[in-house]
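Colleague: Could you have a look at this structure, given as structure tokens, before my questions?
The values are calculated or read from the model by the stated rules, or taken from the named source; none is laboratory data. Please read these numbers as outputs of a predicted model, since none were measured by experiment. Cβ placement follows ideal geometry from the backbone for every residue including glycine, while neighbour counts extend to all protein chains displayed.
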Amino acid sequence: MNVSVAVPAYNEEKFIADCLMSLKKQTVPCEIVVCDNGSTDRTYQIAVKYADKVVRESKRGVAHAFNAASRAAGGELLAFTGADCIVPGDWIEKFLPEFSDRRVIACFGPVHSTKRKYWRTLKYYSIFHSVITRLKITWGISDANMMVRKSVLEKVGYFDPKVQIMEDSFLVRKIRRYGKFRFLRKNIVRTSPRRFEKEGILRIFFKYFTSLILIKVTGKAGCKRLTTVR
């Protein structure tokens, strides 16, 4: 199965080179597709050095960026991560065996911090995601570490651009009727903790938790986006 990786990017010149280099070092080759979401720095110039495709999307928002990259991707499977993330060399390799089961339509993994200060915080957050997923309370996952069948994304129209927070969990709610999900707790992606540093841990957790409850109870997602961190 061919794999493409979609990476949304807005003013990510500080991080994106490391992210894309980690994708180029995968044990299983992948197509790297970056969406420049209106950057005003050198994000685009850096991306074209490493990515197989770089598309531009003028409509701001991570959902718009993911959708533009997804539509440009040629893989049967679409993996997602952030421009400020570092993925392990066997990231794709660990996901692929799960998709040999045609009933499986999506796989997810934990997201930990690139800085020691926030290792424990994001580790516990990943455990929380794993628990609520296993208990089938709701799908608390992160689009910084996921892989989905593109055919399923096409059926539901990709990410909903109206959703500004928890767009990943809202997507999962739309696609879950098409098959099974797997959570691979050892397939860890590391991300910059800059949002925690700027907005605060408690405030972010409150926004995520209330959004998860809203999605579970009403089937709708909140539209208030998190503070811009770039």
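Colleague: Name every residue in region 53-63 that is buried (at least 18 other Cβ atoms within 10 Å of the Cβ) and modelled with pLDDT of 95 or more, in order of residue number. Break it down stepwise before answering.
Modeller: Going residue by residue through region 53-63, those that are buried (at least 18 other Cβ atoms within 10 Å of the Cβ) are 54-55, 57, 61-63.
The answer is 54, 55, 57.
Colleague: I need the full set of residues from region 143-167 which are within 21 Å of residue 23 (Cα to Cα) and not hydrophobic (A, V, I, L, M, F, W, C), in order please. Step through it out loud before you land on a result.
Modeller: Quick first cut of region 143-167, residues within 21 Å of residue 23 (Cα to Cα) only: 143-150.
Scanning region 143-167 gives 143, 145, 149, 150.
Colleague: Residue check, residue 197 against (1) part of a helix (DSSP H, G or I); (2) of a type in the set (D, E, K, R); (3) modelled with pLDDT of 60 or more, all met but one. Which one?
Modeller: Every listed condition holds for residue 197 apart from (3).
Colleague: In region 32-43, which residue that is of a type outside the set (Val, Ile, Thr) and surrounded by fewer than 19 Cβ atoms within 10 Å (Cβ to Cβ) is nearest to residue 160 (Cα to Cα)?
Modeller: Step one: list which residues in region 32-43 are of a type outside the set (Val, Ile, Thr), which gives 35-39, 41-42.
Add one more test, that the residue is surrounded by fewer than 19 Cβ atoms within 10 Å (Cβ to Cβ), and what stays is 38, 41-42.
On the way: 38: 19, 41: 27, 42: 28 Å.
Selected residue: 38.
Colleague: Residues in region 148-194 that are acidic (Asp, Glu) and modelled with pLDDT under 85: how many?
Modeller: Qualifying residue count, region 148-194: 2.
Colleague: What is the one condition in (1) over 17 Å from the mean Cα position of the chain (by Cα); (2) under 21 Å from residue 163 (Cβ atoms) that residue 84 does not satisfy?
Modeller: (1)
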